[in-house]
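What follows is a short report on a single structure.
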Amino acid sequence: MRKFFVISFLMVLLLPIMSGCWNQKELTDLAFVMAMGIDKGEDKKFDVSFQLVNPGNVASGQNGGGQGLPIAVYKSSGNTITEAARNATKMISRRLYYSHTNLIAVSEEVARDGILDMMDALDRDPEFRTTTQIVVARHTSAQDLVSALTNLDKLPVNKITKELKSTEKMLGENIGVNIDDFLAGLVSDGKNPIVNGYIVHGKKEQIGNAQDLQKTIGGAFLEADGLAVFEKGKLIGWFEHQWARGVVYVLDKVQSTGINVSWNGKKHAITMASIRSKTKVSVHFKNGKPLINIAIEDEGWISEANTAVDLTNPQVIDKIDKLVEKEIKRQVLGSIKEAQKMKSDIFGFGERVHRANPKQWKKLKGDWNNHFAELDVNVKVDSFVRREGIRTSPFWINMNK
């Protein structure tokens, strides 16, 4: 009897180990989805394009990869994302696997109609990561975006995700937006979501053409382009260039950027490259009406001086600081005014009003878009030049002697 209990006890201990492979998946049976493109369908609601990796043509090492293309793109249709994915099994011999999906591209047409009907599928699937980046394809289809080939990166999806990080870090006109970020803005009472825009430049007929990779200047290439503004899940407008940078400043997401100012009557004569930036947003109330105060501290260095300017003179540096402050303030106020025209609080001012005065927020919440459009906003910028580069006297000074 004792032996029976010992054996039974050991079997119970072994059960968790023995069940470890119950849902195993062989790599040769899986099709790794690296990116998805969602367009408006003709017969069905959605046309979904799946960018699948071809591991044999991507593998690196002593033997190198294969001679074929690194990706294959398949398109299927459905009235839901799930239906489109399951219909894709008619043409794909492997099971679609989403754990490595890094990008969701949505066409501008779908975005303007609204993307609420596709978000639940992306958020609910346990294989799908909600840290996946989401972008809007501008003036092109999402299929074109996920089908484009690139020279520097073997996997095109890596080009897009790495490019977004690079432009966020160096230019300050884009910020990383994933599914979690979008949903957080979607369900928030006082903040609307934004999404990065992406565009295809050049000859669109060259998209997906392997011969294009043999050229030093490709016929078609991808580029980050603007910030899309959403209201109740629908695309309502765009922020571009300086106004996009103003949005990023308010959201305290600027890592680095370049601010051009005029000097001695010459436009864009001096460029200050930001190295540190901090934005603080506070709320005050006057006669029950919220007042937004934005304080920005920006530090940088002179990356270009295309005019005769004495960078050793503290008074000159102080004047440059004032010009940079004026330019940053102009861009920030311009982006705020553009958002107020759209009646879309993408800055989260409503959330701050809620935290500062919950009782007053209850009165404003129902018509916040109109209150936001009339909101008074004060912007104060403090800019400091910390370095002048490796030379303090531009060659322009010697030329003018």
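The values are calculated or read from the model by the stated rules, or taken from the named source; none is laboratory data. Everything numeric here is computed off the predicted structure, so don't read it as measured data. Cβ: placed from backbone, ideal geometry, glycine included. Neighbour counts: every protein chain shown. Each accessible area value is taken on the protein alone, full model and side chains, heavy atoms only, with ligands, DNA and RNA left out. Shrake-Rupley method; radii C 1.70, N 1.55, O 1.52, S 1.80 Å.
Tell me, what is a quarter of the convex hull surface for the C-alpha atoms of the stretch 262-347, in nm² with one decimal?
Working: hull surface 30.7 nm².
Taking the Cα atoms of the stretch 262-347, their convex hull projects to 7.7 nm² on average.
Which of Lys286/Lys359; Lys40/Lys75; Lys40/Lys343; Lys169/Lys341 have a Cα-Cα distance over 20 Å?
Numbers: Lys286/Lys359 15 Å; Lys40/Lys75 12 Å; Lys40/Lys343 27 Å; Lys169/Lys341 28 Å.
Lys40/Lys343; Lys169/Lys341, as the Cα separations exceed 20 Å there.
Per the Kirkwood treatment, what hydrodynamic radius in Å, one decimal, follows for the stretch 241-286 from the mean inverse distance over all distinct Cα pairs?
Details: mean 1/r = 0.0803 Å⁻¹.
With all distinct Cα pairs of the stretch 241-286 included, I get 12.4 Å.
Using a probe of 1.4 angstrom, how much of the accessible area of the chain is carbon and sulfur, in percent?
On the way: 11140 of 21650 Å².
So the carbon and sulfur contribution to the accessible surface is 51 percent.
How long are the three semi-axes of the equivalent ellipsoid for the stretch 123-166, computed from the Cα gyration tensor as the root of 5 times each eigenvalue, in whole Å, largest first? Write out the running numbers ahead of the final one.
Details: eigenvalues 82, 42, 23 Å².
Semi-axis lengths for the stretch 123-166 are 20, 14, 11 Å.
State, in angstrom, two size descriptors of the chain derived from its alpha carbons: Rg to one decimal place and Dmax to the nearest whole number.
Rg and Dmax of the chain, Cα atoms, are 26.4, 107 Å.
Among Lys165/Lys280; Lys234/Lys329; Lys278/Lys362; Lys162/Lys280; Lys191/Lys362, which pairs are too far apart, with a Cα-Cα distance over 25 Å?
On the way: Lys165/Lys280 23 Å; Lys234/Lys329 29 Å; Lys278/Lys362 30 Å; Lys162/Lys280 28 Å; Lys191/Lys362 15 Å.
Pairs exceeding 25 Å: Lys234/Lys329; Lys278/Lys362; Lys162/Lys280.
Can you give the charge dipole size of the chain about its Cα centre, rounded to the nearest 20 debye, using +1 on the beta carbon of Lys and Arg and -1 on the beta carbon of Asp and Glu? If you can, show how the numbers build up before the last one.
On the way: 54 positive and 47 negative charges, 173 e Å.
My answer is approximately 840 debye.
With a 1.4 Å probe and all protein chains left in place, how much accessible area per residue does the stretch 57-176 have, in Å²?
Numbers: 5930 Å² over 120 residues.
Result: 49 Å² per residue.
If r is the Cβ-Cβ distance from Lys234 to Asn151 and R0 is 45 Å, what FRET efficiency results, to the nearest 0.05?
Working from the Cβ atoms, E equals 0.80.
Taking the convex hull of the alpha carbon atoms in the stretch 34-160, what volume per residue do you get, in Å³? Write down the numbers at each step before the final one.
Values: hull volume 14.4 nm³, N = 127.
Measuring per residue, one finds 114 Å³ for the Cα hull of the stretch 34-160.
Can you pull a Stokes-Einstein diffusion coefficient for the stretch 73-227 at 25 °C (0.890 mPa s), Rh from Kirkwood over Cα pairs, as a whole number of µm²/s?
Values: Rh = 16.6 Å.
For the chosen part, D equals 148 µm²/s.
Which percent, nearest 5, of DSSP beta bridges in the chain are antiparallel? All intermediate terms of the calculation are to be shown ahead of the outcome.
On the way: 50 of 77 bridges.
Beta bridges within the chain, antiparallel portion: roughly 65 percent.
Stick to the Cα atoms of the stretch 107-193, pair each with every other, and give me the Kirkwood hydrodynamic radius in Å at one decimal.
Working: mean 1/r = 0.0689 Å⁻¹.
So the Kirkwood estimate lands at 14.5 Å.
Equivalent-ellipsoid semi-axes (√(5λ), Cα gyration tensor) for the stretch 278-397, whole Å, largest first?
Details: eigenvalues 316, 35, 20 Å².
Square roots of five times the eigenvalues give 40, 13, 10 Å.
How big is the stretch 68-119 along each principal axis, measuring the range of its Cα positions in Å and listing the largest first?
Answer, in whole Å and largest first: 36, 21, 19 Å.
Could you sort the peptides 342-354, 294-306 by per-residue average Cβ neighbour count (10 Å cutoff), highest mean leading?
Numbers: 342-354: 21.3, 294-306: 18.4.
Sorting 342-354, 294-306 by mean packing, highest first, produces 342-354, 294-306.
At 1.306 mPa s and 10 °C, plugging the Kirkwood radius over alpha-carbon pairs of the stretch 89-130 into Stokes-Einstein gives what diffusion coefficient in µm²/s? Walk me through the intermediate numbers first.
Working: Rh = 12.1 Å.
Taking Rh from Cα pairs, D becomes 131 µm²/s.
Could you work out [θ]222 nm for the chain from helices alone, using -39500 (n - 2.57) per DSSP H run of at least four and dividing by all its residues? Round to the nearest 500 deg cm²/dmol.
Values: 14 runs with 138 residues, N = 401.
Estimated from H runs of four or more residues: -10000 deg cm²/dmol.
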